[in-house]
């Protein structure tokens, strides 16, 4: 074999080896979205499997099935059946139990401000209707008698509540579903990517940080802040998500369980936590607290950060934890 033939053979072997390597390490990226949980849910992942599209479709089915159990507005959901039953004791559901444990912690942390039994009062405002309205103050006072998470008893086996009391876990549900969907993705071999439903999102298995934008509470097509996170979860609660205005005053969906009226002056709370359920629940819980007290509360939670936007002296200002400041934060206020 001549020297030229040897060189040609080595080149051929190199090309074949590179081609084999590329074939064996090839990856497919898929991003898909569906309308679930009253919002657009987007899922993205990269895999060596050509069936990644069908795998992501199965994640949407997983989310849909879990939502059907947790959505108190669906007549055949677990929560809806419990809320509308004349019974007082019910066999416990595993998912409901996990969410109630989180709710109980948030209830205690906020001194009762985060209360999943606010539903009767919340329903009076009609945020889900075409014509929301300000309820009569005396009617609110009467409905508040049905509110009080401390009157619920639960453990892994059963739930006991007064007949007139209704439970709403919407402040935790989206994040909880994202946590479970992420675990499901791992179980089917999708160990990287993200799941986003706008106000809640989780990133996992990514080699580089992702940029997250916080919606401006008063500018529909703009953001008020952006920061970078690496494989973490984000939850945001805002007074712009569900609201109506009468005589120039905004009435939004985050109700103070002590007054029966929407929280005033706070506009947006964004929380970072490894758990999407905790990030989701905390964003509402902190919204219900005074901003200064809320930030101090976050500082006591390991690996948790937050940024709060509220009105002070007529201007929108912010409070944030050091972790937010260290995450390439950019603000537009």
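Below, the figures for the structure above:
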read-out: Considering residues of segment 97-129 that are more than 22 Å from residue 239 (Cβ to Cβ) and surrounded by fewer than 22 Cβ atoms within 10 Å (Cβ to Cβ) only, the residue farthest from the chain's Cα centre (by Cα); value: 108
read-out: Among (1) buried (at least 16 other Cβ atoms within 10 Å of the Cβ); (2) within 27 Å of residue 180 (Cβ to Cβ); (3) modelled with pLDDT of 95 or more - the single one residue 71 does not satisfy; value: (3)
read-out: Residue within segment 279-301 that is assigned to a strand (DSSP E or B), without any contact (Cβ under 8 Å) to a residue 40 or more places away in the chain and either surrounded by 19 or more Cβ atoms within 10 Å (Cβ to Cβ) or touching a strand residue (DSSP E or B) at 6+ places or on another chain (Cβ under 8 Å) (or both) present; value: no
read-out: Matching residues, segment 232-256, being more than 22 Å from residue 119 (Cβ to Cβ), touching a helix residue (DSSP H, G or I) at 6+ places or on another chain (Cβ under 9 Å) and either at pLDDT below 95 or in a strand (DSSP E or B) (or both); value: 233, 234
read-out: Number of positions in segment 263-274 that are in contact (Cβ under 8 Å) with a residue 24 or more places away in the chain, surrounded by fewer than 24 Cβ atoms within 10 Å (Cβ to Cβ) and either over 23 Å from residue 327 (Cα atoms) or touching a helix residue (DSSP H, G or I) at 6+ places or on another chain (Cβ under 6 Å) (or both); value: 2
read-out: Positions within segment 137-174 being under 29 Å from residue 59 (Cα atoms), out of contact with any helix residue (DSSP H, G or I) (no Cβ under 6 Å at 6 or more places or on another chain) and part of a helix (DSSP H, G or I), in sequence order; value: 170
read-out: Test for residue 259: is it farther than 23 Å from residue 326 by Cβ, in contact with a strand residue (DSSP E or B) (Cβ under 8 Å, 6 or more places away or on another chain) and either in a loop (DSSP other than H, G, I, E, B) or at pLDDT 95 or above (or both); value: no
read-out: Number of the exception - residue 86 against (1) closer than 30 Å to residue 153 by Cβ; (2) surrounded by 16 or more Cβ atoms within 10 Å (Cβ to Cβ); value: (2)
read-out: Inter-residue pairs, beta-carbon under 6 Å, first assigned to a helix (DSSP H, G or I) and in segment 82-93, second modelled with pLDDT of 95 or more and surrounded by 16 or more Cβ atoms within 10 Å (Cβ to Cβ), 6+ apart; value: 82/90; 83/166
read-out: Test: residue in segment 175-197 that is loosely packed, with under 14 Cβ neighbours inside 10 Å, touching a residue at least 40 places away in the same chain (Cβ under 8 Å) and either touching a helix residue (DSSP H, G or I) at 6+ places or on another chain (Cβ under 6 Å) or under 30 Å from residue 60 (Cβ atoms) (or both); value: yes
read-out: Test: residue in segment 202-210 that is in a loop (DSSP other than H, G, I, E, B), touching a helix residue (DSSP H, G or I) at 6+ places or on another chain (Cβ under 9 Å) and more than 30 Å from residue 53 (Cβ to Cβ); value: no
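The values are calculated or read from the model by the stated rules, or taken from the named source; none is laboratory data. Keep in mind it's a predicted model, so treat the numbers as computed, not measured. Note: ideal-geometry Cβ built from the backbone for every residue, glycine included; neighbour counts use all protein chains shown.
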